[in-house]
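What follows is calculated from the coordinates using simple rules that are stated; it is not laboratory data. Keep in mind that what you see is a predicted model, and the values were worked out from it rather than measured. Cβ: placed from backbone, ideal geometry, glycine included. Neighbour counts: every protein chain shown.
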Amino acid sequence: MPLMSFEDSHEIDEETPFLPNQEVLPDSNTTRTPVTPLPIAQISVLLTAWLAESITTQSISPYLNQLVRELPDVGGDVRKVGYYTGIIVRPTFSKRADVDQIACQVSLHFAAEAVTSFQWNRLSDHVGRKPVLLSCLVGTSLSILLFGLSHSFWALVLSRCLHGAAKGHIGAVKSTIAELTDETNVARGFSMPPVAWSLGYVIGPLVGGVLSRPQDRWPQTFSHPFWADYPYFLPCLVAATFTCFSFIATALYLEETLNSRSSEKLQLPRPNSDIPQGEAGDTSGFDMSPDEPQKPLPLRAVLTKPVVVTVANTAMLALLNAVVESYIPLVWSTPVEYGGLNLSPASIGLWQSLYGGMNGIFQFIFFSRFVSRFGLRRVFVFSIISCAVVYSILPFENLAVVVGGGPNLVVWLLIILQLSSLCIFDMGYGAMYMYTSSAAPNKRSLGAAYGLSQVATSVQNAIGPASADWLFAFSLTHNVLGGKFAYVVLLGVVGVALGVSTQLPKNTWVHRKE
């Protein structure tokens, strides 16, 4: 394999085309870019898998605490609930829990994902994306069914570990989208998964909240003793049913992209390209020259500078996101005297559902436009800066409650600003998808590149919230900077993320021969 170096593209300004193959019209400052139509049918099938994952993940949140509280291991002790749910799903702070105990929590779900995700994605480079997608959908369906049938804490842990171990389809979906798109429509392609995820963010809690304990809501319909013994099986069954629907749609309609002609859309300037230095433009894929057959590379060959830099930025993004997802409900539910808003679970759920719907629409409408207008690295930097805004607003929300004597218009406006900033922050994931697809050394190593990024994300999800929640508890317990020390540290982490982002090219990675 020829030695490659990786350089970012030429300087751009407001009049420089972002995408290659743009044709400048005579006597005009405008450009015309022939945009390849998206394969909507194929991407729609992929989105069913993404939606199934979102529904499965979000559907357990409404009843998880009650389910755990009813376990024999917990014995109804409310003080233990946060500790056990942290191990099952994600470490969370509990005002009644011991600070040192919080620091020891690690979500086994994400730990299982971290251990297996690279292997799944690496396998997709060898056998194809479709077999991995189908296998992981089966695992996801079985995991949620076992969750609904669990009567002990360790049975719940086992089912959640199975779910984490079966999440290889996340990387397979990204790889397939990268192979179905080219440089003219890749941003639009990667703007669509957040829509499916946000839809699941809305549907999932409704499924879990409305359908849990059906014998209490509809005693005549669900009168069989089974529903009394397994009161949380119905929402799990609905989630598993949708996952099965995704399996059937994938099996019948998804075309394999790894060795198909559709993957030829992924093109990268050839090492012997005649394109002048600095004018190669930005691409999102790989050369499909018949005289240079593609084959999966060993891990050592995959760990190039572009892959390492991209994975490092993905890890920083995942860490910031994991802390955000932990801190927002934590601070909103914490009593006002401890720096929170003391909002009810219903209010928190309403705001989160509003964010889910708003975020999907925002990503679909604005992501590709922002990438075309500002360039990929600027979009990513915007997303990191917006995370600083999210963190900074949290103490001011508490201050507004204190000054106003309770929730008021200022608090609601701050929450809206915070959630809007969070939508901008989520654009960073689309940017990382594009960087990852162009960082891989060749097409048959695309799954490995996405697998490494998923491992980094899983590790941050497993340990990041526990560390951040411990920091929150430490700041309050010791009254460091009036309990605001945690926010200062988090803003420092944002600064580190911005520093790491300087290693990214202005747009996607471009491969050239030295």
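Backbone geometry of region 360-365 corresponds, through the Karplus equation with coefficients 6.51, -1.76 and 1.60 at θ = phi - 60°, to 3J(HN,Hα) couplings of x, 5, 4, 4, 5, 7 Hz, x marking Gly and Pro. Along region 177-193 the Karplus relation, 6.51 cos²θ - 1.76 cosθ + 1.60 evaluated at θ = phi - 60°, assigns HN-Hα couplings of 4, 4, 7, 8, 10, 10, 5, 8, 9, 5, 5, 5, x, 7, 7, 8, x Hz to successive residues, with x for each Gly and Pro. Applying the Karplus relation 6.51 cos²θ - 1.76 cosθ + 1.60 with θ = phi - 60° to region 392-397 yields 3J(HN,Hα) values of 5, 6, 3, x, 6, 4 Hz, where x marks Gly and Pro.
Within region 135-227, all pairs of alpha-carbon atoms sorted by distance into 5 Å bins from zero give the percentages 2, 11, 13, 16, 18, 14, 10, 7, 4, 3, 1, 0.
Amide H to amide H distances under 5 Å link Val510 with Glu7, where only residues 5 or more positions off or on other chains count and H is placed in the peptide plane. In this structure, the residue pairs whose Cα-Cα separation is over 29 Å, taken from Lys167/Lys443; Lys130/Lys506; Lys443/Lys506; Lys167/Lys484, are Lys130/Lys506; Lys167/Lys484.
Taken over region 384-514, the percentage of Cα pairs per 5 Å bin, counting from 0 up to the bin with the maximum distance, is 2, 8, 13, 17, 18, 14, 10, 7, 5, 3, 2, 1, 0, 0. Distant-in-sequence amide contacts of Thr184, defined by a placed amide H-H separation under 5 Å and a gap of 5 or more residues or a different chain, comprise Thr36. Please work out the Cα center distance from region 384-400 to region 188-258, rounded to the nearest Å. First find each Cα centre; the distance between them is then 34 Å.
Overall, region 154-251 carries a charge dipole of about 220 debye about its Cα centre when +1 sits on the Cβ of Lys and Arg and -1 on the Cβ of Asp and Glu, all other atoms neutral.
Taking the Cα centre of region 390-514 as origin, work out the dipole magnitude from +1 charges on Lys and Arg Cβ and -1 charges on Asp and Glu Cβ, in debye rounded to 20.
560 debye
When the Cα positions of Leu419, Pro465, Ile384 are compared along the charge dipole of region 383-514, Ile384 comes out farthest toward the positive end, with charges on each C-beta of Lys, Arg, Asp and Glu. Each residue of region 342-459 gets 131 Å³ once the volume of the Cα convex hull is shared out per residue.
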